[in-house]
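The values are calculated or read from the model by the stated rules, or taken from the named source; none is laboratory data. Everything numeric here is computed off the predicted structure, so don't read it as measured data. Glycine also receives a Cβ, built like all others from the backbone with ideal geometry; neighbour counts cover every protein chain displayed. Heavy atoms of the whole protein, side chains included, go into the accessibility calculation; ligands, DNA and RNA do not. Shrake-Rupley method; radii C 1.70, N 1.55, O 1.52, S 1.80 Å.
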Amino acid sequence: MARSSHIGITALAATLALGTLAACGGGDDAPKVAENKISAGQVPDYYPADYSDLIEAAKKEGGELTVYSNLGDENMAPVVRDFKKKYDFIKTVSVSELDSDELFQKTLSENAAGSSPADVLISSAATAWADFSGRKGTVLEYKSPELTELGDSAELLPSVYSMSQDPMTIAYNTTLMETPPTTLTDFAKIVTSDEGKYKNKVTVRDPEGSFGFTVTHALTEGNPEAWKDLEKILPLTRPETSSGTQLEKIVAGEYSAGFLISASPAYPVVEDSAGLVKIVFPKDGTVVLPRGIGIAAEAPHPATSKLFLDFALSEEGQRAVAEGGLASYREGVEGEGLHTYQEVVDAVGEENIIHVKYEPIAKNDAAAWLERFDGLRK
C-alpha cells in the first residue's frame with residue numbers, strides 16, 4: 001500500500017511539473033490575470049516637470065538595458081513586457097538570472113576588471129545589499145518620484161528601493177500532513193508528535209546561504225520565542241538551498257513539509273497541485289522579505305535605468321510585479337491572479353509580520369547565531 005501511494009505521488013508530481021511549465025509558457029491553461037492597462041509614454045502628474053528630459057536622455061541610450069537579478073524569467077517577464085509597452089523605444093532588456101549574492105560579486109569583479117554591463121540590480125539578499133551599498137561608488141544616487149506615493153519605508157537603503165514584499169510560508173503535502181498548521185508552534189507540535197514519521201521529512205532553508213540566513217535570523221530576531229520551536233523542529237530537518245527544490249520535493253512526497261519557504265515560487269505550485277500542496281502564513285510571525293532594486297553606479301544606461309526603477313515602483317509596474325508572482329505592496333494593486341502584501345496582513349495581522357531589515361550584521365554575531373542554529377540540528 002505504501003509503495004502504491006509513493007507511485008501515485010510521483011506520477012502526480014510529474015504531472016504538476018508539466019502543468020507548471022505550461023502555465024509559465026502562457027498556454028491555454030495558464031491562470032487568468034487581471035489585465036494591466038499601460039498608459040504608453042505618459043507619466044503620473046506627481047512626477048517632476050522635467051521628467052520629460054529624463055525620457056529624452058533615455059532615448060539617446062539606444063533602447064537597451066541590462067538587469068542582474070535573482071528572479072526567474074517567469075517573475076521578470078511581465079515587468080519587462082509592460083516596461084517596453086510604456087516606452088516603445090526600449091528594444092532590448094537583457095536579464096541575467098544570478099544567485100542573490102553572486103550578482104553583487106559579479107558587478108564588483110567586472111568593474112574592477114574594467115566595466116560591468118549591469119544597469120539595474122535586483123536581489124533579496126538583505127545583508128549583501130547592505131554590504132554592497134556601503135562600499136563607495138556602487139549604487140547610483142537617485143530619488144525616485146514614486147517615493148512620495150509609497151512612503152519612506154519603501155527606501156530600504158540610500159537609493160535602494162523595495163520592488164516587492166515577499167512573505168515566507170509553511171508549505172505542506174496534504175496527504176502526508178493531515179493537520180494543517182496555523183503557527184510555527186503548531187508545526188513544531190505536529191512534527192514532534194511522531195518523530196519517526198517526520199524525521200528527515202521536514203525541509204529548512206540552508207542558513208549558510210544568504211537567503212536562508214536572512215529569513216531565519218529575521219525570524220528569531222523578530223520572535224525570540226521561535227527558538228523554542230526550532231529546538232523541536234530542527235533535529236528532524238534536512239537543508240536545501242532553494243525554495244524551488246523544497247517545493248519540488250514536497251510535491252513528490254520526499255518531504256512532508258517545510259517552513260520559511262518563499263511564497264513567490266509556492267503560489268503556482270499550490271494552484272497547479274489540485275489540493276496536494278498548501279501553504280500558510282504563520283500567525284505567530286510571518287517573515288516578509290523586501291526585494292531590493294537599485295541602479296549600479298557605473299550603469300552604462302543610467303537614464304533608462306531610472307525609467308525602469310520608477311516603472312517597477314509605479315502602480316502599473318507593481319501590477320506587473322504581482323503578475324510575475326511577487327507580492328506587491330502598493331495600495332490599490334489588486335485583481336484576479338495578483339498576490340499582494342495586503343493579503344498577508346489580512347491573514348495574520350500587521351502586528352504578526354516580521355519585516356526583514358536591510359542592515360549589515362557583524363561577522364561575530366552571524367557566526368554565533370549560526371553556531372546556535374547548527375547546534376540544534378545535530
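Between a first residue in the stretch 170-189 that is touching a residue at least 60 places away in the same chain (Cβ under 8 Å) and a second residue that is among the basic types (K, R) and open to solvent by 40 Å² or more (accessible area, probe 1.4 Å), which pairs have beta carbons less than 6 Å apart while being 6 or more apart in sequence or on different chains?
Correct list of pairs: T174/K278; T182/K283; T183/K283.
For the stretch 163-180, how many residues are buried (at least 21 other Cβ atoms within 10 Å of the Cβ) and of a type outside the set (D, E, K, R)?
Residues flagged as buried (at least 21 other Cβ atoms within 10 Å of the Cβ) and of a type outside the set (D, E, K, R) within the stretch 163-180 amount to 11.
Being open to solvent by 30 Å² or more (accessible area, probe 1.4 Å), in contact (Cβ under 8 Å) with a residue 12 or more places away in the chain and of a type in the set (S, T, N, Q) is the requirement here; does N364 meet it?
Judged against the criteria, N364 is not a match.
Do you know which residues across the stretch 189-202 are in a helix (DSSP H, G or I) and either among the polar types (S, T, N, Q) or within 25 Å of the chain's Cα centre (by Cα) (or both)?
Filtering the stretch 189-202 down to residues in a helix (DSSP H, G or I) leaves 189-192, 195-198.
Selection gives T192 alone.
Being under 17 Å from the mean Cα position of the chain (by Cα) and aliphatic (A, V, I, L, M) is the filter here, so list the residues in the stretch 81-123 that pass it.
Answer for the stretch 81-123, where residues must be under 17 Å from the mean Cα position of the chain (by Cα) and aliphatic (A, V, I, L, M): V95, L98, L103, V120, L121, I122.
Quick test for you: out of V67, V80, pick the one residue that is surrounded by 15 or more Cβ atoms within 10 Å (Cβ to Cβ) and assigned to a strand (DSSP E or B).
Of the residues listed, the single one that is surrounded by 15 or more Cβ atoms within 10 Å (Cβ to Cβ) and assigned to a strand (DSSP E or B) is V67.
Starting from the stretch 342-355, keep only residues that are assigned to a strand (DSSP E or B), then list their pairs with residues that are of a type outside the set (V, I, T) whose Cβ atoms are within a distance under 6 Å, requiring at least 6 positions of separation or different chains.
The qualifying pairs are I354/A218; I354/G222; I354/G285.
Within the stretch 253-281, can you find the residues that are open to solvent by less than 40 Å² (accessible area, probe 1.4 Å) and over 22 Å from G72 (Cα atoms)?
Residues satisfying the conditions are G253, Y255, S256, A257, G275, L276, V280, F281.
Here's the yes/no breakdown for (1) surrounded by 17 or more Cβ atoms within 10 Å (Cβ to Cβ); (2) under 30 Å from E254 (Cα atoms); (3) acidic (D, E); (4) at pLDDT 95 or above:
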residue	(1), (2), (3), (4)
A2	no, yes, no, no
T10	no, yes, no, no
G41	no, no, no, no
K60	no, no, no, yes
L71	yes, yes, no, no
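Can you list residue pairs whose Cβ atoms sit under 6 Å apart, with the first residue in the stretch 133-153 being within 20 Å of H301 (Cα to Cα) and among the β-branched types (V, I, T) and the second being open to solvent by less than 100 Å² (accessible area, probe 1.4 Å) and part of a loop (DSSP other than H, G, I, E, B)? Count only pairs 6 or more apart in sequence or on different chains.
Matching pairs, first to second residue: T138/A297; V139/S159; V139/A297.
It is to be established whether one or more residues within the stretch 193-207 are surrounded by fewer than 21 Cβ atoms within 10 Å (Cβ to Cβ) and under 19 Å from L326 (Cα atoms).
No: the stretch 193-207 contains no residue that is surrounded by fewer than 21 Cβ atoms within 10 Å (Cβ to Cβ) and under 19 Å from L326 (Cα atoms).
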